[in-house]
Amino acid sequence: MQILNVILVIFLIIAAIAVERTKDLLSAVIIFTSYSLVMALLWLILRAPDVAMTEAAIGAGITTNLFVIVISRTRRQEK
Amino acid sequence: MPIEIDFFLNNINYIGAMVLFVIGLYTVLTHPNLIKKVIGINIMETSVFLFFVSIGFISGANAPIVEQGQAAETVVNPLPSAMILTGIVVAIGVTAFALSLIVKIHEAYGTIELDEIMQIRSAEKND
Amino acid sequence: MTKIFTFLMLGGLLFVLLTSITELPTFGESYAPAHNEISNHYIEQGPEDTNSPNLIGAIITDYRAFDTLGEATVLFTAIAAVVAILGVVHHKQDKGDNHE
Amino acid sequence: MNDLIVKMTTKLVLPFIQLYGIYVIIHGHLSPGGAFPGGAIFATSIVLFTIVFGLRIGQKRLPHHVSSKLETSGIFVFIVFGLTGILMGYQFLTNQEAGFPMGEWGRVFSAGFIPIITFALGIKVMSAVVTLFHTMMEEE
Amino acid sequence: MINIHFPIFILTLLLAFATIIPLQKRPFDRRFQVIMMSVLVVSLVMAIGELIYVIDHGAYSYTFGSYERGIGIEFLVDEFSVLMTAVVIVIAFFILLYSIRDLEHEIDPSRIYSYYTLIFLLLFAMIGMIFTNDIFNMYVFVEILSITSVAIIAIKNKKDSLMASMKYLIMGTIGSITVLMGFALIYMVTGHLNMTLIAEEIVLVWEQYPLNILLAMGFILTGFGIKAAIFPLHNWLPDAHSSAPTPSSAFLSGLVVKAYVFAIAKMIYRVVGPDISTNIGLTDYILIFAVLSIIMGSVYALSQTDIKRRLAYSSVAQIGYIFLGLGLATDLGISAALFHVISHAFMKSALFLSAGSIIYLTGKRHVKDLSGIAYTMPVTMTVFCIGTLGMIGIPATSGFMSKWYLGLASLDAGQPELLIVILISSFLNALYYLPIVISAFLQEKPSRETIVVVSTQGTTVPRSMKISMALVGAGVIIIGLFPNIVMDIINMAVPTFIE
């Protein structure tokens, strides 16, 4: 179990750096969604199923939705 | 302070939370794009949540859902999870509000890059 | 220049944070200070106090229900703020829908 | 979006998402879940509906005047149950001691005011998320 | 014993009213205004009833759900928090009375209901923050407070205010996340969320985890420091407070910042305790930043020409005074700091309200344009004058008394050099406030053409605005003449901070 934990955390860090580096905002948001889903997985490992469900529904679902709407109303590329 | 691989493996969640915190802060501070800043804020928030939930974890314990009469089995500390539930909802509230502000700023200035907005503002001041 | 400065500052912060981990209680230990009489109370007395198998549910809606009221208020506040800023007047739109 | 398959699939899937959302809400005190994930899942169904069928039709599913009432009543249920505790001579938000029926272990209607508050909050979260979504989507 | 529930009644009343407002169908009319004001009057009556009860019976703890301390959430209702609640409600009453006419020309009429919803949520969050004795509960209130306080700036919907509120939101959110991280670190080593229990536990563990506690307090103080605008972290404040609608500026400068300062006071004294704070060097840092704030805030204020920006920078300096008192870590220091919390709330509200009505009538914000304005608007400028005299610290105003107490406290703590800082800052205050007053009152009356009244509302300030300003100004004088009304209550509350 521990090794899965380590892999997930490393994935999180890589995803966070990828979000920071990506110029395309839409891709950044999608990467952030996968980050949230992996975070939900990590919380299942940490025995917090309620938090995992909430993160999957709110963090990954609703937040992404809002971001995508706002990007569609503004601009997709970072300068 | 000898850094061993064991130490690294044992505390991976704390280390991950700290690293994510700093990456999020870096994103917020250096990127002029407002949406990127909001994503950075979200990364910071999730990192703190990760830290919080990790505090309550006990290796080998079960999720805090008990059966009657079996309360004696080891379960993880439920308090951090309950707090983080609150925290996630707070985070979505802040994010939604920040995004609506971004929409308004885009309407007003035509851009969401902070440095371009600053240029527009200084040009307006000189007029 | 500012970017390098930020980088150095955050690097320093990261270093301080990582050093502090060596002092923290180790992850996943059952004798860490956070697992004290309070969490034991939730685990042992929770089923009796609230009759709810899901302890997290018991905490957020009973033990710390006031937090949840605050949480609901945060959502309410967020909507009030978003509506206040995006400022779409809804009464007219509802009428427009009825015409169709 | 004018794709027939998407529309049909949405219509088919919609009740199941809503059922699951309601399930998660009302079993909040028995299994993982609760007001916030359940409300968000329920909201996702309406969000999906709006995305597929457009904002105007989507808004009819949950008009603004309904959603604002739902939000207000969600907080009011909380306050009323809280004040009941004071009325019975205890503190704000007292559950068992204030005489709420505890019921049978593991039933939906047990654990005093927990399921009722969870349900009210779940509906509130649902309408809050949908309102956020609709308000963001509206163009001037 | 219904009195012990009064804090809850105040909170639920404010929250319930805030949730009802969006359901209003009628336009913004007199009936709604009367209801709104009576809600505040009812809560004020309850706050005063609570104050009398607390003075008689002493501080008590209110636990939610009838659970024992630490299991559930706890409110610690002590003399100072009840006094501060009463002050918050009084000032809110006057600001709202002022706002009824002022808002008409500052924000879009269709948003007035949203504005009042946000204001009542802001009051709810602020009063909750004042009472709570639970760190996570405090975090929730901090978030409500930060969302509402940003929203009441952005609601003006001008380019400036949108940008200022975005800056405030980003800084404020970083602040609250940082605070949460600090809370996590504290929870990690103590296992409690209740402040009283943390204080008991931290005495036992602080030698085991000194770095951790220092780091946690660093996070918490940075976070709340951003929100309270202590010197190096203040740069969002002038934009935000000056571009907001006038009632919002008065709320933000007069009350919201104070709520964060009080939270810091709680964290330093109730959670970590003065002994450990002094031991890990926390109070020294606070003193340094306080002195920097006092000096730099005044210096920045000198260079501003916009009247609202000048007032905003002066807030930074005044927050420095409060921190100076907190950093002394003595009985006298903390009572002086708490006194200044109250006195500055009145002074800054009076200043912002009068500056707002100058802008309301003439549309002028530049300091130089204000010469001779006292002939056109005598009431407003009198209130402004009272506020400035208070800021400078002329006797018979509340500002003098708070500087007096601060001076006594720094002498008592054996740090007379701080007295010099206070004197220098008073001098700087005089330097940037007095020219406005002098030119407004003493310069010869300009011809009618130069003061062009841009207002569409008429040629005078509406009566409700005048009355509310005058009463806030009277508050400054009353506290200045009879400081013991406030000081006696504060002295009763000091033992809850320093055991």
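The combined condition, being modelled with pLDDT of 80 or more, open to solvent by less than 20 Å² (accessible area, probe 1.4 Å) and more than 30 Å from E:K266 (Cβ to Cβ), is not fulfilled by E:S464. Summed over segment C:41-57, the residues that are at the interface with chain B (Cβ under 9 Å from one of its Cβ atoms) and open to solvent by 30 Å² or more (accessible area, probe 1.4 Å) give a count of 3.
In this entry, E:A493 is excluded by the filter for residues that are within 30 Å of E:A86 (Cβ to Cβ) and at pLDDT 90 or above. Would you check which residues across segment B:103-125 are of a type in the set (S, T, Y) and closer than 20 Å to A:R73 by Cα and list them? Selection gives B:Y109, B:T111. The sole residue among E:L145, E:L123, E:L103 that is modelled with pLDDT under 90 and open to solvent by less than 10 Å² (accessible area, probe 1.4 Å) is E:L103. Of all residues assigned to segment C:31-38, at least one qualifies as being modelled with pLDDT under 85, touching a Gly at 6+ places or on another chain (Cβ under 9 Å), open to solvent by 40 Å² or more (accessible area, probe 1.4 Å) and assigned to a helix (DSSP H, G or I). Residue-level analysis places E:F80 among those that are away from chain D (no Cβ under 14 Å), in contact with a Leu (Cβ under 8 Å, 6 or more places away or on another chain) and in a helix (DSSP H, G or I). Note on segment D:1-44: residues that are assigned to a helix (DSSP H, G or I) and among the small types (G, A, S) amount to 6. Return the residue satisfying two criteria in turn: it lies in segment D:102-119 and is of a type in the set (A, V, I, L, M, F, W, C), within 7 Å of another protein chain (Cβ to nearest Cβ) and buried (at least 20 other Cβ atoms within 10 Å of the Cβ), and of such residues it is nearest to the chain's Cα centre (by Cα). If we take residues in segment D:102-119 being of a type in the set (A, V, I, L, M, F, W, C), within 7 Å of another protein chain (Cβ to nearest Cβ) and buried (at least 20 other Cβ atoms within 10 Å of the Cβ), then D:I117 is nearest to the chain's Cα centre (by Cα). Counted as qualifying within chain A are the helices (runs of 4 or more DSSP H) with 1 or more residues that are under 24 Å from B:S59 (Cα atoms) and facing chain D (nearest Cβ under 10 Å), namely A:25-45, A:49-54.
Checking each residue of segment B:97-114 against the condition of being under 18 Å from E:V179 (Cα atoms) and at pLDDT 90 or above gives no match. Of the candidates E:G333, E:G320, the single residue that is touching a helix residue (DSSP H, G or I) at 6+ places or on another chain (Cβ under 7 Å), closer than 20 Å to E:I226 by Cβ and part of a helix (DSSP H, G or I) is E:G320. Does E:A59 count as touching a strand residue (DSSP E or B) at 6+ places or on another chain (Cβ under 7 Å), of a type in the set (A, V, I, L, M) and open to solvent by 10 Å² or more (accessible area, probe 1.4 Å)? So E:A59 passes the test.
Among the residues of segment B:1-40, those that are touching a Lys or Arg at 6+ places or on another chain (Cβ under 8 Å) and touching a residue at least 12 places away in the same chain (Cβ under 8 Å) comprise B:T27, B:V28, B:P32, B:N33. Which of (1) in contact with a strand residue (DSSP E or B) (Cβ under 9 Å, 6 or more places away or on another chain); (2) at pLDDT below 90; (3) more than 10 Å from chain C (Cβ to nearest Cβ) does E:G65 not meet, given it meets every other one? The one condition E:G65 does not meet is (3).
Among the residues of segment E:68-120, the ones that are of a type in the set (K, R) and within 20 Å of E:L351 (Cα to Cα) come to 1 in all. Cβ-Cβ distances below 8 Å connect the following pairs, each with a first residue in segment D:16-36 that is within 8 Å of chain A (Cβ to nearest Cβ), a second residue that is of a type outside the set (V, I, T) and part of a loop (DSSP other than H, G, I, E, B), and a separation of six or more residues or different chains: D:V24/D:G33; D:V24/D:G34; D:P32/B:A63; D:G33/D:H27; D:G34/D:G28. Go through the residues of segment E:162-170 one by one and say whether even a single one is open to solvent by less than 10 Å² (accessible area, probe 1.4 Å) and either among the polar types (S, T, N, Q) or in contact with a Cys (Cβ under 6 Å, 6 or more places away or on another chain) (or both). Taking every residue of segment E:162-170 in turn, at least one turns out to be open to solvent by less than 10 Å² (accessible area, probe 1.4 Å) and either among the polar types (S, T, N, Q) or in contact with a Cys (Cβ under 6 Å, 6 or more places away or on another chain) (or both). Of the helices (runs of 4 or more DSSP H) that lie entirely inside segment B:1-91, those containing 3 or more residues that are open to solvent by less than 10 Å² (accessible area, probe 1.4 Å) and either more than 8 Å from chain A (Cβ to nearest Cβ) or not acidic (D, E) (or both) span B:12-30, B:34-55.
Inside segment D:81-101, residues that are crowded, with 16+ Cβ neighbours inside 10 Å and part of a helix (DSSP H, G or I) make up a count of 6.
The residues of segment A:44-56 that are over 13 Å from the mean Cα position of the chain (by Cα) and not β-branched (V, I, T), listed by number, are A:L44, A:L46, A:R47, A:A48, A:P49, A:D50, A:M53.
Scanning segment D:69-101 for residues that are under 15 Å from the mean Cα position of the chain (by Cα) and in contact (Cβ under 8 Å) with a residue 24 or more places away in the chain turns up D:L70, D:E71, D:S73, D:G74, D:I75, D:V77, D:F78. Summed over segment B:95-127, the residues that are outside any helix (DSSP H, G or I) and surrounded by fewer than 16 Cβ atoms within 10 Å (Cβ to Cβ) give a count of 2.
The values are calculated or read from the model by the stated rules, or taken from the named source; none is laboratory data. This structure is a prediction, so every number in the text was calculated from the model and none was measured. FYI the Cβ positions are ideal-geometry reconstructions off the backbone, even for glycines, and counts take in every protein chain you see. With ligands, DNA and RNA removed, areas are computed over all heavy atoms of the protein, side chains included. Shrake-Rupley method; radii C 1.70, N 1.55, O 1.52, S 1.80 Å.
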